[in-house]
Each structure stands twice: as structure tokens, then as C-alpha cells.
1. Scan region 213-223 and tell me whether some residue there is surrounded by fewer than 24 Cβ atoms within 10 Å (Cβ to Cβ), farther than 23 Å from Q278 by Cβ, out of contact with any His (no Cβ under 9 Å at 6 or more places or on another chain) and modelled with pLDDT of 95 or more.
2. Of these, A288, A233, A252, A280, which one is at pLDDT 90 or above, under 26 Å from V183 (Cβ atoms), surrounded by 12 or more Cβ atoms within 10 Å (Cβ to Cβ) and out of contact with any strand residue (DSSP E or B) (no Cβ under 6 Å at 6 or more places or on another chain)?
3. Report the residue count in region 184-206 for those that are assigned to a helix (DSSP H, G or I) and touching a helix residue (DSSP H, G or I) at 6+ places or on another chain (Cβ under 6 Å).
4. Report, by residue number, each residue of region 187-203 that is within 16 Å of G141 (Cβ to Cβ) and more than 11 Å from the chain's Cα centre (by Cα).
5. Might you let me know whether region 199-211 holds any residue that is in the same structural domain as P96 (by TED's automatic domain parsing), closer than 24 Å to T4 by Cβ and of a type outside the set (D, E)?
6. What are the pairs with Cβ atoms under 6 angstrom where one residue, in region 253-275, is at negative phi and the other, located anywhere, is basic (K, R)? Sequence gap at least six, or different chains.
7. Of the residues I126, I194, I153, I138, which single one is buried (at least 22 other Cβ atoms within 10 Å of the Cβ), over 21 Å from S9 (Cα atoms) and of a type outside the set (G, A, S)?
8. Give region 265-299 a look and list any residue that's charged (D, E, K, R) and farther than 18 Å from R215 by Cα, or say none.
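The values are calculated or read from the model by the stated rules, or taken from the named source; none is laboratory data. Computed from a prediction, not measured in an experiment: that's the story for all the values here. Positions of Cβ are backbone-derived with ideal geometry, glycine not excepted, and every protein chain shown enters the neighbour counts.
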Amino acid sequence: MSATRPRRSLLYMPASNPRALEKAKALLADGFIFDLEDAVAPEQKPAARSAAVQAARSGSYGAREVLIRVNGLGTEWAEADLAAVAQSGADGVVLPKVSSAADIEVAARILLRSGAPSTLALWAMIETPRGVQAVDAIADGNQTQGIPKLAGIIIGTADLAKELRCHHPVDRAPMLYALSRCVLAARASGISVIDGPHFHLDDEEGLTASCQQGRALGFDGKSLIHPKQIAIANAAYSPSADELSSAQRIVAAYQQARSEGRGIVTVEGRLIEALHVQQAERLLREAALISQLAESVKT
């Protein structure tokens, strides 16, 4: 999870579907990706672009994150998409099929000359073998002053499986190297990383397993393709009651030891080091951010 906001669940919403954009206002996802790419037919793309911008400008989604996925660089729609998103008021823009750091630089420059604020986040989708190979440089992002920096990586597992010519089972075993490579790059660069979707809508057991695996691998959350998946992703990527209780005990024991001048801390027979305290504090911050977001949605 990001240090600033929860990203347990990012739900793709086709921007060409007004009912979907309206429905999103009442959904409990941590964020939305209004899609101008795969979910939109070519003849509908200009109208979808306008609808996504209007939705982002409306301010109707509260504290939840609003991202817009544009069409890929090299398509006839990409530059107009980026120019529109630059002044849409969205939290960020998602660039699909990123294969190099140069792609990030190109998109960032279009955003800059289109008047994008410095707060607009850039997200890179890694969904090709070339993107995985270049993910370290991509995660480091552009270094040009005044150009929006890369905020995170989103994995496109469907396209990745197609390009690798591998199977796409629930356990994603054929893609584990690529998934872990992306997590490693994101962590090294201090940015967020979001797992790919689970495509079997009626397979709650598989979705749960996929979310649990993603969290175990180090992802901050999961991208989703249907509202029915939100609750499972939110639960899987939230600290459990047991985890929070343990974290509270660790922090309290550490603070008590420090106040007494003790250098050795144990909790239930387990030696506690600084790294354990840092992990515990991170979990507690995550829980607080999740609670704050939930309250903002209620109000």
C-alpha cells in the first residue's frame, strides 16, 4: 500500500458506459480506472474520452482515486487522450503497454505541454516481455524537472500471458518471475505496484487465492474488472485483526523498552528488532488510511 492512500482495489470502468461511471460513485473500491483503451470500441473513443474527463471533473468520487487509462503511444488517439487527461482533474493517467523509460518520458512531455499539474500521477502498465525486461528503468521514471514522475506500476497479466504464450492459471505460476520482477523494481524505486485482474467473475475462491498470493508477493492491491470483486480484494489486502493486534503489541513493547532504557525487546517470546517495529508501524498506518477512506465514502 502507498504511504499516502489505500490501493487495495482499483476497478476498471469503461468510459463509454455512462451507467458504469454513475454506478462507480456508490462503490467501495479504493480507486477507479476509467478506461479509454481495451474496453472501448474505436468509433466510441472520442465520446468515451469526453465522458471520462467530465466524470473526473465532477468531483463525485470523493477521496477515492480516479485514474484514466489512455490509448497506447503510437495509436491515433494517444496524444488527444493525454492532452484531455492533463486538464481533467483526475488523480492520474495510466499508460498501457509501456516498454521502455522513453515511453514514460514521451507521455510526460505531452502532459506537460498540455498544462498538466505537477500533482498528476503517471502510471505505467507492464504487460509485455519487453516491458518486464525494462521495468527497472521504467520504475525509476523520467528525471526531467517539471515533468510528472511515475507513481506506480500496474500489471496487465492477460496481455502478458498472451505475449509470453504461457498459460494463465489461478496461481499464475508461469508468470511468477515477471510478477516478482515488477514488485522488486517498484520497491527499489519507492513506487506503488498493482496486481493484474482475475478474469473468472464467478470464481470467488480463485479470486481470493489470487489476492492472497498478490499480497504475499508484495503487491499493494489488485486491479479488478467487476464490482462484485471489490469486497474480496479489500479484505485480502487489509491488515487482519490478528495482524493489527500483534502490531500494536510490538509497538507498545518497543516504546516501553525505550522508556526504560532497555535495548532488547521481546513479545510473546519473540525477539523484536527495529525492522519488526517498522513493519508493525506500517500496518497500523495502512489500517488508519483504510479507515479514513471508508469514513470519507460514508459522508
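1. Residues of region 213-223 surrounded by fewer than 24 Cβ atoms within 10 Å (Cβ to Cβ): 213, 215-218.
Filter again for farther than 23 Å from Q278 by Cβ, leaving 213.
Subsequent filtering for residues that are out of contact with any His (no Cβ under 9 Å at 6 or more places or on another chain) retains 213.
Restricting the remaining residues to those that are modelled with pLDDT of 95 or more gives 213.
Checked region 213-223: at least one residue is surrounded by fewer than 24 Cβ atoms within 10 Å (Cβ to Cβ), farther than 23 Å from Q278 by Cβ, out of contact with any His (no Cβ under 9 Å at 6 or more places or on another chain) and modelled with pLDDT of 95 or more.
2. Numbers: A288 fails: surrounded by 12 or more Cβ atoms within 10 Å (Cβ to Cβ); A233 fails: out of contact with any strand residue (DSSP E or B) (no Cβ under 6 Å at 6 or more places or on another chain); A252 fails: under 26 Å from V183 (Cβ atoms).
Of the residues listed, the single one that is at pLDDT 90 or above, under 26 Å from V183 (Cβ atoms), surrounded by 12 or more Cβ atoms within 10 Å (Cβ to Cβ) and out of contact with any strand residue (DSSP E or B) (no Cβ under 6 Å at 6 or more places or on another chain) is A280.
3. Filtering region 184-206 for residues assigned to a helix (DSSP H, G or I) gives 184-189, 204-206.
Now narrow it down to the ones that are touching a helix residue (DSSP H, G or I) at 6+ places or on another chain (Cβ under 6 Å): 185-186, 189.
Number of matching residues: 3.
4. R187, A188, S189, G190
5. So the first thing to find is which residues in region 199-211 are in the same structural domain as P96 (by TED's automatic domain parsing), and the list is 199-211.
Filter once more, so that each one left must be closer than 24 Å to T4 by Cβ: 211.
If we keep only those that are of a type outside the set (D, E) too, we end up with 211.
Yes, region 199-211 contains at least one residue that is in the same structural domain as P96 (by TED's automatic domain parsing), closer than 24 Å to T4 by Cβ and of a type outside the set (D, E).
6. As it stands, the answer is V267/R249, since those pairs meet every condition given.
7. Numbers: I126 fails: over 21 Å from S9 (Cα atoms); I194 fails: over 21 Å from S9 (Cα atoms); I153 fails: over 21 Å from S9 (Cα atoms).
Answer to the selection: I138.
8. E268, R270, E273, E295, K298, listed by residue number.
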